[in-house]
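Written out below as structure tokens is the structure these notes cover.
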2 protein chains.
Amino acid sequence: MTQDVTYHRRPLNRQLIVAAARRVADSDGLAELTLRRVAGELGTGQASLYRHIADRAELLGLLAEDLATSFPMPGRPDEPGEPGEPGESAEAGRNGWAGDAVVGQWEAMYAYLAAHPWGARVIAEGSRVADGAHSVAGHNLALLRAAGLDDDDAVRAYRALWHLLLGHLLDQTAHPATPGSPGDFSWALRRLVAGIVRATDAPAEVDS
Amino acid sequence: MTQDVTYHRRPLNRQLIVAAARRVADSDGLAELTLRRVAGELGTGQASLYRHIADRAELLGLLAEDLATSFPMPGRPDEPGEPGEPGESAEAGRNGWAGDAVVGQWEAMYAYLAAHPWGARVIAEGSRVADGAHSVAGHNLALLRAAGLDDDDAVRAYRALWHLLLGHLLDQTAHPATPGSPGDFSWALRRLVAGIVRATDAPAEVDS
DNA sequence: ACCTGAACACCGTTCAAGT
DNA sequence: ACCTGAACACCGTTCAAGT
């Protein structure tokens, strides 16, 4: 029982490279994520990495995809969400307002990405939208359609929510000492969702 | 007609360095903005720059501040806004809805920053919020208070609008080929402003 | 006193030489 | 056939040597 996992050598596939890169980014930040460092983490030379990845940009893209595949979806049964307090997230979507599920989903995404400060930057810089984000994108579009949006508006709303999240996270990692940021995103998120959802079912309220 | 301006040499103050950096960023992008390139643009050695700036991060900060000082404020008299079509921006704020002025202001800011793709990145990465942004920040807070928000909510709303703008611009520069992005920001902006403004004066509407 | 060419310590990437 | 040490072309930054 000396070891079984931590002594990965030989095969050196993309999985191992991405895992090592994620380890470096989580522990020491994106600035320390150099190919030399990743190669050293795997006990190999830096040139060996180029047999499995095209360049550093592709590695960052794989990292973004790796992160995106495990986005939380607290509304769904088999998804973890926040392990500590599932009550708050589960409550969203049961109440009357159609936007609650959307708010809960994006608060979970915020908490998830806030735990990986490099994530927002990698996704923002990624030349391609992570394909692994398809499942969470589909889930979000379904939530938005359930709130009364048509297909076009659901896509626009998804992008708007994503941009708000991205801007908040990037500003946060750049200025970590700013006061009251955790609640700030929640405040903004609820206003944006309110503006989106009310715009679709409000016309009857306003016109009559 | 040989030249009269383009031949700056000798003094080499911060102003000239920032202007040269801005020229490089505008023409060739942020990736080409190296200290060697800026020094070459000014006809001097790269080491000479360090007598006027501490390091590259400070230069980017000065660049962000330079950009922030000339943010458009279309509602105010002596501010340029969009030189081509002042009618659209001036119209905002005259109509009944209190959010129109806010929407017009942020659409002008979007147009301004979209013309300088490096701007959003430089501001996002800047270790300090550009001090030159104080005037536009004050203007925005005034507009938000005029829309009925108290001081705390005005600050939160300003941050939320800024994050939405930042996320939109960064996503746009990363994926330039995305369809329908110009209208997308306007769509999201109007929903966010609606959610912010209605949340303050809506209670009377909902309760009664 | 002030400026700056050359050097230093990195980085991503490539390639000829190893097995 | 597959891997990799050493080299290449950059980068930001520093410093001793110039004027």
Test item: B:52-63 mean partner chain Cβ contacts at 10 Å
0
Can you list residues from other chains, or at least 5 along the same chain, whose modelled amide H is less than 5 Å from the amide H of B:Met73?
B:Gly81
Total charge of the residues flanking A:Leu170 in space, meaning their Cβ is under 14 Å from its Cβ, with Lys and Arg +1 and Asp and Glu -1, is -2
Taking each residue in B:152-163, count the Cβ atoms of any other chain within 10 Å of its Cβ, then average. What number comes out?
5
For the stretch A:35-43, 3J(HN,Hα) per residue [Karplus equation, 6.51 cos²θ - 1.76 cosθ + 1.60, θ = phi - 60°, Hz, x = Gly/Pro]
5, 4, 5, 4, 4, x, 4, 9, x
Inter-chain shielding of B:168-176 (mean C-beta neighbours from other protein chains, 10 Å cut-off)
5
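Any read-out appearing in this document is the output of simple, stated calculations on the displayed coordinates, not a laboratory observation. Source: prediction; values computed, not measured. Note that we place each Cβ from the backbone using ideal geometry, even for glycine, and neighbour counts take in every protein chain shown.
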